[in-house]
Amino acid sequence: MVSLAAELHSLTAMPLLRRHKFDAAIRKHLCIVPGGALIVEERDGEFRLKPAAVLEFEYYNDAQIDEWDRADSPSSNERRQILESLQSA
């Protein structure tokens with residue numbers, strides 16, 4: 001019988017839970033779902049499995065951010081109204 005550590009050592013980037021079966025109680029305890037992303041770390045001869053999240057990020061250039069800032073800036077009239085309401089409070 002091959003140990004789990006030896007099996008994990010031979011893994012590539014393929015989804016872990018499709019190649020190896022783990023006890024359902026262990027998966028539930030670790031919040032690992034079939035097909036889910038895992039972080040596999042090796043430290044001091046031990047493998048550590050942790051659930052991972054895959055997030056989508058969007059990047060915006062400076063021109064886009066400047067446009068949003070301009071669109072969100074209050075007009076002169078709105079600025080005056082805000083200042084008046086703060087001074088009267």
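Observations, loosely collected:
- Scanning the range 49-89 for residues that are within 30 Å of Cys31 (Cα to Cα) and surrounded by 10 or more Cβ atoms within 10 Å (Cβ to Cβ) turns up Leu49, Lys50, Pro51, Ala52.
- Of the candidates Arg79, Arg18, the single residue that is outside any loop (DSSP other than H, G, I, E, B) and modelled with pLDDT under 75 is Arg18.
The values are calculated or read from the model by the stated rules, or taken from the named source; none is laboratory data. Please read all numbers here as calculations on a predicted model, not as lab measurements. No Cβ is skipped: glycine too gets one built from the backbone with ideal geometry, and neighbour counts run over all protein chains shown.
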